[in-house]
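Shown next, in C-alpha cells, is the structure this report addresses.
The values are calculated or read from the model by the stated rules, or taken from the named source; none is laboratory data. No experiment lies behind these values; they were computed from the predicted model shown. Glycine also receives a Cβ, built like all others from the backbone with ideal geometry; neighbour counts cover every protein chain displayed. Calculation scope for accessible area: heavy atoms of the full protein, side chains included, ligands and nucleic acids excluded. Shrake-Rupley method; radii C 1.70, N 1.55, O 1.52, S 1.80 Å.
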Amino acid sequence: APDTPVIDQAYSKLSNSITVEWRAVPGATNYMLTAQDGDSFVETIVKNSPGTMTGLKPATLYRITVRSINSGGKSQPSPFRKVKTVLAAPILSIHSPSCDSIAVSWKSVPMAAGFSVSLMRSDGLGRMLKKNTTNTSLIFKNLDPGTLYTIKAYAWNANGMPGDDFTYNQRTSPNAPVDVKVAFNSGALRAVVSWMPTEGALTYSVTVSSGLLELRCNTSSASCTVPSLQCSSEYYISVTAYNDAGSSKPTDAVSLKTIPCAPVNISIEEDEPGHLLVSWSSISFGHYYVVFVKSDDGLEVHCNTSNTQCHFQSDCGFTYFISVFAYNKAGQSPLGDVFNYTTAPCCPSDFRAVFTSSDTVRVTWAAVRGADLYETRAAGGSDVVLCRDTATACTLSALQCSTAYNISVYSFSEARGSSASCAPHYVPTAPCSPEIKNISKEGLSVISVQWQSNNEEATYVVTARGEAGLWHCTSTRNSCTLMELPCGSAFTVSAIARSPAGQSLPSYSVPLETAPCCPNDLILTQVTQSVTNISWSVGMGAHTYVVTLESPKGQAKCHTLQNYCLLGCITCGTNYTVSLRAISETGLTSSCTYQGYSSSACCPSGVKLYRLSNNGIRVFWRASDETINYNADLHGSKGNFSCTPSSGLSHCDITEIHCGDVYTVVVAPVTDKGPKLTFCPKKIYS
C-alpha cells in the first residue's frame with residue numbers, strides 16, 4: 001500500500017461541501033476523503049489534490065482525513081483536520097409591492113448572526129444598494145418602475161464568516177400609464193382609449209365601468225377600442241399596466257358621458273288656447289333638447305330648451321307633426337318616434353258672467369269655429385256645477401256663497417273632442433251671511449257683537465235699528481263694538497258681509513235692549529224728622545226703581561213703580577249716600593249715583609216758656625248738639641215773633657208780645673239754606 005498522505009489545508013466555501021488539499025503520495029492512484037460528524041461520515045474518491053466532499057450539512061463541524069489508494073491497497077488515514085461548513089444561503093421570497101419598491105424576505109438561517117442583501121439593476125446602470133440586517137425582511141425603495149433588478153443575499157456567523165449566497169432577478173411593477181385620452185364615436189356608440197406607454201409594461205388592461213356593468217379590453221399596444229356602449233350612460237375608464245412583477249395602480253378614472261337616448265314619454269296637449277305644450281321625460285345626460293314642430297300647411301318651427309317641455313303657438317283645428325331630440329357634448333340622440341297632434345276647436349271668447357241673484361249667474365260667450373257643443377263648468381272648492389248646451393249661454397244656479405269659482409267654457413267637436421285647455425275665468429260669489437253668536441255689554445252705551453262666518457277677506461257691517469235711530473260698526477274680523485247707543489232703547493241687530501264680489505244677505509236679527517236711563521233730576525225733601533220724600537224724573541226704559549239712602553247708622557230703601565218714594569227711619573243730623581237703580585221690564589239694571597244727602601239737625605227737646613216783665617217771654621230748650629243754632633218762632637192771631645240766641649245758648653227772649661193771645665211756639669234748628677223746618681214739635685202758650 002502507498003504511504004499515508006499529509007493534509008496541507010481543508011476549508012469550506014459552500015454550506016454543503018469541504019475542499020481538502022494535500023501533498024501527492026508516490027505510487028498512489030486515488031485518494032479517499034472522509035468527513036466524519038459523530039457516528040455519520042461521508043466518503044469521496046478523487047484522483048488528486050485538491051478534492052471536494054459534497055452532501056454535507058451546513059454549519060457543521062467535521063473531522064477530515066485522507067487515505068491514499070493503489071492496487072496494493074489503502075494507506076493509513078492521515079492526521080485529521082477539523083473543518084466547519086459555512087452557513088446555508090437564505091432562501092429569498094421577493095415581490096414588488098409597488099412600482100418603485102422591491103420587498104425581500106427569508107426564513108431564519110441556523111447559526112446566522114446577520115444577513116447581507118444587495119440590489120443592482122440587471123443592466124448594470126446605476127449604483128448597487130447593499131443592506132445588512134439581523135431581521136428576516138427588508139424593502140428597497142425609490143427604485144425605477146418596470147426595471148429588472150438582481151438581488152444577492154447571504155448570511156454570516158458570529159465570526160463574520162459569510163455563508164452561501166442566493167441570487168434572484170426581480171422586476172419592479174410598472175408605473176400607471178399617463179395621458180389617458182378617450183375619443184367617442186357618437187354614431188357607432190364606441191370609444192377609442194389611448195395612453196402613453198409606460199416603462200417595463202408588457203400588457204395593458206382598459207376597464208370601462210358603469211354601475212354594475214363592467215367592460216374590459218386587454219392589449220399590448222397603447223390604445224384600445226371599446227364597442228357597444230349604451231346611450232345616456234356615464235362610463236368611468238381607467239388603464240392598468242402589467243408585467244411579470246404585477247400590475248400598476250389603475251389610472252385616475254376618466255369620465256365618458258355618451259350621447260343621450262331618444263326622449264320618451266312624449267305627451268302633447270293644449271295647456272291653453274293657442275298654446276301647444278310638448279313635454280317628455282328627462283333623459284339622463286341630456287343637457288338640452290330641440291323640439292321640431294311642423295304643421296300640415298308646411299310651416300316648421302323649433303324650440304331649444306334645457307327643460308322637459310316646450311310651448312308653441314298653435315291654431316285651433318290644425319294637425320302638427322312633432323319630433324324631439326336630446327343633446328349633450330357627445331352629440332345628438334337617435335331619432336325617436338314622430339307624433340302627430342290635431343288641435344281642439346277654439347275656446348269661446350267674449351266671456352261674460354252676470355249675477356241674476358246671490359246664488360245664480362248667467363254666462364254668455366261668442367260662438368267659435370268648429371264647435372258643435374259647449375260645456376260650462378264652474379268649480380269652487382268641492383262644488384262643481386255643469387251645464388251643457390248648443391247655445392252660447394248658460395245659467396248656473398245654486399252656487400255656494402263666499403266661494404271663488406273658476407268658470408270654464410269648453411267647445412266640443414267630433415274630430416278632436418273638447419277644448420280642454422280653455423282658460424278659466426275667476427268669478428267669486430258674494431260672502432256668506434254671518435251668524436250673530438253673542439251680544440254683550442262692554443260698558444255704558446258700549447255693546448260688543450260677535451258673529452261666525454267662513455268668509456275670507458270680507459268686511460262686516462253690524463247695524464242696530466230702533467226707534468232711536470240707526471247705529472253701525474264695521475270690522476274685518478268676527479266682532480265689533482257699537483258705541484254711544486242711547487239708554488233705555490230697544491233695537492234689532494243684524495250683520496252683513498261685504499267683499500269686492502258683492503254683499504251678503506243680512507243675518508237673522510237679534511233683539512237688543514239697552515239698560516234704562518238714569519233719572520236726570522232727583523229731589524230729596526225732609527217731611528218729618530225721620531221721614532224723607534224722594535222724587536225723580538222718569539228714566540227712559542225704566543219700569544221700577546230702587547232708591548237707597550245709606551249711612552254708617554243704617555240704611556233706608558224703597559222699591560217702587562212710581563217716580564217718588566217716602567223713606568222712613570231717617571236719622572236726624574246724618575250724612576247719607578244716595579243711590580238709585582233703574583230696572584227695565586226685562587231686568588236690565590242701571591246703577592245711578594247722586595250727590596250725598598244730609599238730614600236736618602235734630603229738633604230740641606224740653607221746650608219751656610217763662611213769662612218775663614214788660615210783656616216778654618223766655619223760651620228754653622235742650623239742644624241735641626251744642627254746635628247747632630236754633631230759632632224760636634211764636635205765631636199768634638195778633639202777630640208773629642221770633643228770636644235766635646247767641647251761639648252756644650239754649651234760650652232766647654221775645655219782648656213786647658201782645659197779651660191776651662194764644663201763641664204757637666216752635667223751636668227748630670237753623671238751616672243754611674232753604675225754608676225753615678216745620679216739623680219740630682209745637683207748644684201752645686196762652
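For region 87-168, trypsin sites (Lys or Arg not before Pro) meeting the loop criterion (DSSP other than H, G, I, E, B) and having at most 15 other Cβ atoms within 10 Å: Lys107, Arg127, Lys141. The distance separating the Cα centre of region 123-174 from that of region 369-422 comes to 95 Å. Counting Lys and Arg as +1 and Asp and Glu as -1 over every other residue whose Cβ lies under 15 Å from the Cβ of Ser349, the net charge comes to -1. For the cross-link pairs Lys107/Lys249; Lys257/Lys329; Lys13/Lys130; Lys553/Lys682; Lys13/Lys84; Lys13/Lys82, which exceed 20 Å when the distance is taken from alpha carbon to alpha carbon? Cα-Cα > 20 Å for Lys107/Lys249; Lys13/Lys130; Lys553/Lys682; rest within. For a paramagnetic label modelled at 7 Å from the Cα of Tyr426 toward its Cβ, which residues of region 464-499 fall within the zone defined by backbone nitrogen distances under 20 Å? The answer is 498-499. Stokes-Einstein diffusion for region 435-513, with the hydrodynamic radius set to the Kirkwood value over Cα pairs and evaluated at 20 °C in a medium of 1.002 mPa s, equals 169 µm²/s. Using the Cβ-Cβ distance between His275 and Val338 with R0 set to 22 Å, the FRET efficiency from 1/(1 + (r/R0)^6) comes to roughly 0.55.
Stretching the chain fully between Lys13 and Thr593 yields a gain of 194.7 nm (0.36 nm per residue, less the alpha carbon separation). Taken about its Cα centre, region 584-675 carries a charge dipole of about 300 debye when Lys and Arg each add +1 at the Cβ and Asp and Glu each add -1 at the Cβ. If you plug the beta carbon distance of Leu148 and Val6 into 1/(1 + (r/R0)^6) with R0 = 35 Å, you get a FRET efficiency near 0.10.
Rounded to the nearest 20, the size of the Cβ-charge dipole of the chain about its Cα centre is 3340 debye, with Lys and Arg at +1 and Asp and Glu at -1.
Here the alpha carbons of the chain define both size measures, Rg and Dmax, at 67.4, 222 Å. Each of the peptides 10-18, 390-398 was scored by the mean count of other Cβ atoms within 10 Å over its residues; in descending order, highest first, they stand as 10-18, 390-398.
Name the shape class, rounded, prolate or oblate, that the alpha-carbon gyration tensor gives for region 264-343, where a ≥ b ≥ c are the square roots of its eigenvalues, rounded holds for a/c under 1.5, and otherwise prolate holds if a/b is larger than b/c and oblate otherwise. Since a/c reaches 1.5 and a/b is larger than b/c, the shape of region 264-343 is classed as prolate. Annotation: per residue accessible area for region 605-685 equals 62 Å², rounded to a whole number [probe 1.4 Å, protein chains only].
Spin-label model, Asn135 to Lys82: label points 7 Å out along the Cα-to-beta-carbon direction sit 3.7 nm apart. Taking a Cβ cut-off of under 11 Å around Thr392, the surrounding Lys, Arg, Asp and Glu residues balance to a net charge of -1, with basic ones at +1 and acidic ones at -1. Straightening the chain between Ala391 and His311 buys 25.6 nm, computed as 0.36 nm per residue apart minus the Cα-Cα spacing.
For region 484-571, GluC sites (Glu not before Pro) are listed when DSSP marks them as loop and at most 15 other Cβ atoms sit within 10 Å of their Cβ; the list is Glu484. The portion of the accessible surface of the chain made up by carbon and sulfur, rounded to a whole percent, is 49 (1.4 Å probe; DNA, RNA and ligands excluded). At a Cβ-Cβ separation cutoff of 4.7 angstrom, cysteine residues of the chain with no neighbouring cysteine are Cys99, Cys569, Cys659. In plain terms, the chain from Val301 to Lys683 could stretch by 124.4 nm, reckoned as 0.36 nm per residue minus the Cα-Cα distance. May I ask which residue of Phe41, Pro58, Ile69 lies farthest towards the positive end of the charge dipole of region 6-84, with charges of +1 (Lys, Arg) and -1 (Asp, Glu) on Cβ and the Cα centre as origin? Checked the options; the winner is Pro58. Pairwise alpha-carbon distances in region 555-675 exceed 19 Å for 61% of all pairs. Neighbours of Cys231 by Cβ distance under 15 Å: Lys/Arg scored +1, Asp/Glu scored -1, total +2. Summarised in one figure, the compactness ratio Rg/Rh of region 32-75, Cα atoms and Kirkwood Rh, is 1.00. For region 6-84, the dipole from Cβ point charges (+1 on Lys and Arg, -1 on Asp and Glu) about the Cα centre works out to 100 debye, to the nearest 20. Over the Cα atoms of region 379-455, the radius of gyration divided by the Kirkwood radius equals 1.29; this is the Rg/Rh ratio. Once the Cβ-Cβ distance of Ala103 and Thr225 is raised to the sixth power relative to R0 = 56 Å, the FRET efficiency obtained is 0.90.
In the chain, Cα pairs under 8 Å separated by at least six residues give a relative contact order of 5 percent. If you take the charge dipole of the chain about its Cα centre, with +1 on Lys and Arg Cβ and -1 on Asp and Glu Cβ, which of Ala1, Gly331, Ser210 is farthest toward its positive end? The Cα lying farthest towards the positive end belongs to Ala1.
Sites listed here are trypsin sites (Lys or Arg not before Pro) in region 592-686 whose DSSP assignment is loop and whose Cβ has at most 16 other Cβ atoms within 10 Å: Lys638, Lys673, Lys676.
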